[in-house]
Amino acid sequence: MSRIDDLLATHCPEGVELKELGDIARLVRGNGMPKVMLTDEGVGAIHYGQIYTRYGAWTTSTHSFVTHEDAVKLAKAEPGDLIITNTSENIDDVGKAVAWLGESTIVTGGHATVIKHNLEPKYLSYWFQSPSFVTQKRALASGTKVIDVSARQLMKVRVPVPPLEVQREIVRILDQFSQLEAELEAELEARRAQYDYYFRRLLSFGPGGAKELSLGDIGRVAMCRRIFRGETSETGDVPFFKIGTFGGKPDAYISRELFESYRAKYSFPKPGDVLISAAGTIGRTVTYNGEAAYFQDSNIVWLDHDESIVTNAYLKHWYRVVPWATDGGTIKRLYNSNLLAATILVPSLRVQAGIVETLDKFDALVNDLSVGLPAEL
């Protein structure tokens, strides 16, 4: 048995009690605090949007501040309190929590809630990442374009409340896992850097070793037919991938009848075609595997090209290093003209195959480590 099992057997022989969050905590809704209010000094402040992108499960410092005059009007978080997001454009970011472990009082604003409680702060924050909370969150969430779980709804979630000694032991173990994850992620980044180095070396052809062609020289941009919101549903026969779910899990579906009709009448990728994101994270790629699926027009495209000149496997590796930029600046959208103007070096098909084989081996090293992260944890 583990130490946690021993502690549970000693302190909770009949199991861990579940309590509604509203019974063990006081929830204070945030208000105001637009980004223009944030400053570089003053009273510490955590904007709800930063919880998604800049904070982990806990923090002892803030990235932003507000003036003392503005702080008076905002919701306060004391040391040990949690700040949790109420709103996002995707379900994963709703309900993301950060425990405030600094020494002073800080503030937060709209679309966030302060949770004042008597539990071990890290324990509660880690619990908000658990499958148990995620399941409850999905049942309580409302909205489609903007997802919301209000403070009133959050009060209904049922939290396991073991004795503090057990909570602290759980935190100790999860902290160790978090440290291990950080070390493994650092190793992953090192392998990615190694991949990029060899990629560029392999693509450094000598004079006459390869032709420089634009993507417009070898093909045209293709995309699926537009799907309207009224043609989708939360469940269905064929997954419909939008830019927000591209490469992940779908949250919308279309009927089999519509899929078969559009696939027959309009552009549709072949198995092996490399789909590329033209919005959001520019240049992200997914190789179409031939399974029934439909993709958002204009935001997800592919190059319909002559594979006797460039193979899809070779092209996918090139997409990783193409500088998607215009006039010296990073673009926010990949227009057809940007895509077709991009240039690549095209050697013979035999050389392409050799390069792909080598790069796939390096890619496998990175992917094996990525897959290994959850197993280590």
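The values are calculated or read from the model by the stated rules, or taken from the named source; none is laboratory data. Not measured: the values here are computed from a predicted model. Here the Cβ positions follow ideal geometry from the backbone for every residue, glycine too, while neighbour counts run over all protein chains shown.
Which of the following residues is at pLDDT below 90 and not aliphatic (A, V, I, L, M): GLY290, GLY329?
Exactly one of GLY290, GLY329 is at pLDDT below 90 and not aliphatic (A, V, I, L, M), namely GLY329.
Can you tell me which of (1) out of contact with any helix residue (DSSP H, G or I) (no Cβ under 9 Å at 6 or more places or on another chain); (2) in contact (Cβ under 8 Å) with a residue 24 or more places away in the chain; (3) not assigned by TED's automatic domain parsing to the domain that holds ASP360 is the one GLN136 doesn't meet?
(2)
Could you pull out the residue among LEU334, LEU339, LEU359 that is crowded, with 16+ Cβ neighbours inside 10 Å, in a loop (DSSP other than H, G, I, E, B), of a type in the set (A, V, I, L, M, F, W, C) and at pLDDT below 95?
LEU334
State yes or no: is GLN167 part of a helix (DSSP H, G or I), among the polar types (S, T, N, Q), touching a helix residue (DSSP H, G or I) at 6+ places or on another chain (Cβ under 9 Å) and buried (at least 18 other Cβ atoms within 10 Å of the Cβ)?
yes
Can you confirm whether ALA313 is modelled with pLDDT of 90 or more and in contact with a Phe, Trp or Tyr (Cβ under 9 Å, 6 or more places away or on another chain)?
Against the criterion (modelled with pLDDT of 90 or more and in contact with a Phe, Trp or Tyr (Cβ under 9 Å, 6 or more places away or on another chain)), ALA313 does not qualify.
Mind checking which residues of region 342-352 are in contact with a helix residue (DSSP H, G or I) (Cβ under 8 Å, 6 or more places away or on another chain) and part of a helix (DSSP H, G or I)?
Residue satisfying the conditions is GLN352 alone.
Say we look at region 201-255 and pick out the residues that are within 21 Å of LEU339 (Cβ to Cβ) and among the basic types (Lys, Arg); which of these is farthest from the chain's Cα centre (by Cα)?
LYS211
Across region 140-164, what is the number of residues that are loosely packed, with under 15 Cβ neighbours inside 10 Å and closer than 16 Å to GLY22 by Cβ?
Summing the residues that are loosely packed, with under 15 Cβ neighbours inside 10 Å and closer than 16 Å to GLY22 by Cβ in region 140-164 gives 3.
Checking ASP297 against (1) part of a helix (DSSP H, G or I); (2) in contact with a Cys (Cβ under 6 Å, 6 or more places away or on another chain), which test does it fail?
If we test ASP297 against (1) part of a helix (DSSP H, G or I); (2) in contact with a Cys (Cβ under 6 Å, 6 or more places away or on another chain), just (1) comes out false.
Take GLY272 and tell me if it is under 18 Å from ASN312 (Cα atoms) and either touching a residue at least 60 places away in the same chain (Cβ under 8 Å) or not assigned by TED's automatic domain parsing to the domain that holds THR144 (or both).
In short, yes.
How many residues does region 210-260 contain that are of a type in the set (Gly, Ala, Ser) and free of Cβ contacts under 8 Å to residues at least 60 places away in the same chain?
Qualifying residue count, region 210-260: 7.
Take region 15-50 and flag every residue that is over 30 Å from PRO162 (Cα atoms), loosely packed, with under 13 Cβ neighbours inside 10 Å and either in contact with a Ser or Thr (Cβ under 6 Å, 6 or more places away or on another chain) or free of Cβ contacts under 8 Å to residues at least 12 places away in the same chain (or both).
VAL36
Is it true that GLY290 is in a loop (DSSP other than H, G, I, E, B) and under 23 Å from VAL322 (Cβ atoms)?
No, not satisfied.
Just wondering, is there one or more residues in region 188-202 that are among the basic types (Lys, Arg), free of Cβ contacts under 8 Å to residues at least 60 places away in the same chain and not assigned by TED's automatic domain parsing to the domain that holds ARG320?
For region 188-202, residues among the basic types (Lys, Arg), free of Cβ contacts under 8 Å to residues at least 60 places away in the same chain and not assigned by TED's automatic domain parsing to the domain that holds ARG320: present.
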